[in-house]
């Protein structure tokens, strides 16, 4: 029975309120209202303080997305009742039934949204949110089943939980506040399916309450309006030992990061074994691990870990535990009722007679002399009737006296329990405790000086709650017998250890792993709940004994359990402070005061931010150069943001973008990424495209190519949703150009995505572009076709580029034209022409003008020209000049300060050092390329450099491993569209087989490489391949065929003016002729080519040639 003054719930037979002492006679005399008046009068059933909170919440509500538990309660059995009773009596019973429903709902701070015929629609979580709305709904449903029995009616109940719209619904003429969504309909379908006196719940509710209630899973049902069969659970009752939803079934892991705290609490536990009373506070924010620490202590004690028979006086410990719930603030002694029911063995299925017997026996055994004094008090708080004089013993005792006696006797009862055996009394979640429970806690502190009891108090550091004073009080009362343990966040390494223990998955993406760690910020509960959510939504799944990662792990949603914790805290805010928090969540995790002030236009913004700081929702990040705040947790920001309706989000994002343009008008470039983000989430297509492009272009300038691709692809997607125009075509052209270059850097020049971007860019440039844009596109197509191995086509692009650049008389474009011609000429074996193009381009090149053009280029053309000049010079017989130009290229790359340019320069230097026989330097360059490419995300260079690593491994004697690495690299680069250098790396494999004596495999490799020469027009390595084939055939004894191939190599080298290749081939011919006993002609040829050289005599090839000449003299 509810007190009309303070709204405290009292036993049905009470005459005076046990909380305030007011008379309950008026309540007993209340007459039921008529059925047609029930809805309008339902507000009168709401406790006063709760009614005010609901009225404020609904009055200020504009509509939002909320996690809501919907419940439908339908009265059954009315038809037969109407046939046997007068209508007036039936209506009276229905009214009583509805009142019982409303009382049960409001007891748990739910709301009756409406009565629909014989059915009531109820919400938990709207308009007020709590951390445990799903639990409240099920508890209310169980209370309703018990209550309606007294009016001889039955009900059917359906409950479901999910994200729903909650707010005004309807027209201006007829509007109401309600919820809307699929999950409400599912709750109704469950109620329709339920049998009388039955509660059915959906998966959403079961997931959040599975550890608190007993459920019976039913066969999946096909429900009206739902495509797939629905999993359904029938509620059987409250669990014997209700627990928090913590941990993940099937994923038990050891406690992480609490070694010091666990050692401290075990040390205290040993003291009570010796008979010393203690008080311990375990304090920490939600999810930080308080309950886990308590669980480990209980396991330690009850599992034998706490017994130390070697210590004098050590005894075993009994453990009793009571847990407060957020609904317990208005229910007296809630955690202690939990303890008493457990110790007395009271079961929810017990009859009243059984409950009375068990309670009497337990109390009589503990306190035989005063049992008659305490039993009436226990009967009141446990709602037990003894059916004797004990029930009437308190009839004429004042409420205040009842309160004082109850506190005193419960203190005595706990003392008796501790005398029976050393007692660990765990009181969890005391931040939700009612005032009487906290009063009793203070009384129990007085016992520890003389009683072997460990009073373990577990609560959050919430300054608004009375529990926050427990530590100071315990320090005063208990002195050295008090220990305080405050739990902090896990460190980064500890968080990773916990996550790795939960998901030991080889293919789990590192980016997702890091995202979980970043968002959880060292809170173990948050880590576990994100993993649980991924499992529930099928993103992680079991395959046999192992866990596997699904395909879509890119976006981590806020789990419902975390959403409930955040929403409950946000709903307790002042209306204006809540609005400020929502606006801040739109700005982002970090938000500055000036922008928030522009967005909210709220007087006294600082006071609202102070309130948010006091509630530990935000904190000041910095004050210089401007005042900036941060959400304390990433999930707080995300959950708050999710609650805002999409239409309102778009409006707010637009206002943020406009505010940034106004406030930061002198430094917009600094904020391109933020402007792109906010306008992309608004309805302003033009602004979204503009800033997404600018953000992508900015990222490209900084070699942040992945970020560039992300922004530019978003810009294209937004552009595709916009009606076409010439301005948009011009915008798309610029986007495609920048996208193509950025994709080149990440995927390689020859990737299909690059071709797609530039093909579209060429179409647009021919229709809408100017000369500069056409030149940019042609240059890009040169790069793409060069890497694809289409050298003749590449040369066509280069010559077309040159003709257009000459017309423009643009020196910068002319430099690029020489680059576009030098590349294909080199690969086609036209080394002299390639050299001329490189030198002409270098003569025109100027660093600063070219640096400005890097916004359109993947790499600096000066570095490219110097490197290909170096390669051309080596082939033409100038190895020292080649080394000098390679060094010049690296020096220029450092000056340009461009990551891709430097990586390419290092990559090309490997070739030069290897051709000169400088193996140590080549290995150093290989390591440098891989280090830089990995750091910058240049996947193509990582794969290409791995082929050089294979060559180095083979040189160290690991032939199979080395060859496998090269073959794997070739496969990877081919997948990325890269065909150039293929014949070169196959020549390395052939050389490895030659040195290893594996001639057949070597010959097969040479034939494969020669096929690549023909397919890719890559004749720069043709002479070397025929030389290698001749060497391999000679090993097989095919002397004539060997000599034929070597002579062909010499002819090809001479036609290409490739003196270095001619020298190598001539040495092979001289060795072959010497082995056949006739080396005169070959020796003369070697002498002639050796005599041609004017430099490079310290290189390997010239050193070998000199030694061979001397040996044959």
(message) Going residue by residue through the range 430-441, is there one that turns out to be within 22 Å of residue 615 (Cα to Cα), in a loop (DSSP other than H, G, I, E, B) and in the same structural domain as residue 301 (by TED's automatic domain parsing)?
(response) yes
(request) Quick one: residue 79 ticks every box in (1) in a helix (DSSP H, G or I); (2) surrounded by fewer than 23 Cβ atoms within 10 Å (Cβ to Cβ); (3) touching a residue at least 12 places away in the same chain (Cβ under 8 Å) except a single one, so which number is it? (result) (3)
(request) For residues that are modelled with pLDDT under 80 and over 14 Å from residue 637 (Cβ atoms), scanning just the range 562-573, find the one that is surrounded by the most Cβ atoms within 10 Å (Cβ to Cβ). (result) 564
(request) Return the residue satisfying two criteria in turn: it lies in the range 662-701 and is farther than 27 Å from residue 900 by Cβ and out of contact with any helix residue (DSSP H, G or I) (no Cβ under 9 Å at 6 or more places or on another chain), and of such residues it is surrounded by the fewest Cβ atoms within 10 Å (Cβ to Cβ). (result) 666
(message) Checking residue 712 against (1) surrounded by fewer than 22 Cβ atoms within 10 Å (Cβ to Cβ); (2) at pLDDT 90 or above; (3) under 29 Å from the mean Cα position of the chain (by Cα), only one condition comes out false. Which one?
(response) (1)
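Among helices (runs of 4 or more DSSP H) lying entirely in the range 820-882, which contain 1 or more residues that are modelled with pLDDT of 95 or more?
831-844, 861-876
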(request) Out of 147, 134, 126, report the one residue that is modelled with pLDDT under 90, touching a helix residue (DSSP H, G or I) at 6+ places or on another chain (Cβ under 6 Å) and either surrounded by fewer than 24 Cβ atoms within 10 Å (Cβ to Cβ) or within 13 Å of residue 183 (Cβ to Cβ) (or both). (result) 147
(message) Anything in the range 382-413 that is touching a helix residue (DSSP H, G or I) at 6+ places or on another chain (Cβ under 8 Å), closer than 19 Å to residue 341 by Cβ and not in a helix (DSSP H, G or I)? List them, or say none.
(response) 384, 385, 386
(request) Residue by residue through the range 930-973, note down the ones that are buried (at least 19 other Cβ atoms within 10 Å of the Cβ) and assigned to a loop (DSSP other than H, G, I, E, B). (result) 938
(request) Within the range 606-624, count every residue that is loosely packed, with under 14 Cβ neighbours inside 10 Å and under 13 Å from residue 591 (Cα atoms). (result) 4
(request) Considering (1) at pLDDT below 90; (2) under 29 Å from the mean Cα position of the chain (by Cα), say which one residue 739 fails and leave the rest. (result) (1)
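In the range 883-920, which residues are assigned to a loop (DSSP other than H, G, I, E, B) and more than 22 Å from residue 1061 (Cβ to Cβ)?
If we filter the range 883-920 for residues that are assigned to a loop (DSSP other than H, G, I, E, B), which is where we start, we get 897-898, 916-918.
Result: 897, 898.
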(message) So, residue 201, is that one surrounded by fewer than 19 Cβ atoms within 10 Å (Cβ to Cβ), touching a helix residue (DSSP H, G or I) at 6+ places or on another chain (Cβ under 9 Å) and either assigned by TED's automatic domain parsing to the domain that holds residue 111 or closer than 30 Å to residue 320 by Cα (or both) or not?
(response) no
(message) Going by what's in this entry, would residue 893 be described as farther than 26 Å from residue 983 by Cβ and crowded, with 24+ Cβ neighbours inside 10 Å?
(response) yes
(message) Looking at the structure I just gave you, is residue 379 under 29 Å from residue 274 (Cα atoms), over 43 Å from the mean Cα position of the chain (by Cα) and assigned by TED's automatic domain parsing to the domain that holds residue 465?
(response) no
(message) So, residue 597, is that one at pLDDT 90 or above, more than 18 Å from residue 644 (Cα to Cα), more than 21 Å from the chain's Cα centre (by Cα) and part of a helix (DSSP H, G or I) or not?
(response) yes
(message) Residues that are within 30 Å of residue 743 (Cα to Cα) and either modelled with pLDDT of 95 or more or not assigned by TED's automatic domain parsing to the domain that holds residue 1073 (or both): list the helices (runs of 4 or more DSSP H) wholly contained in the range 974-1054 that include at least 1 such residues.
(response) 982-996, 999-1016
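The values are calculated or read from the model by the stated rules, or taken from the named source; none is laboratory data. No experiment lies behind these values; they were computed from the predicted model shown. Ideal geometry is used to build each Cβ from the backbone, glycine not excepted, and the neighbour counts take in all protein chains shown.
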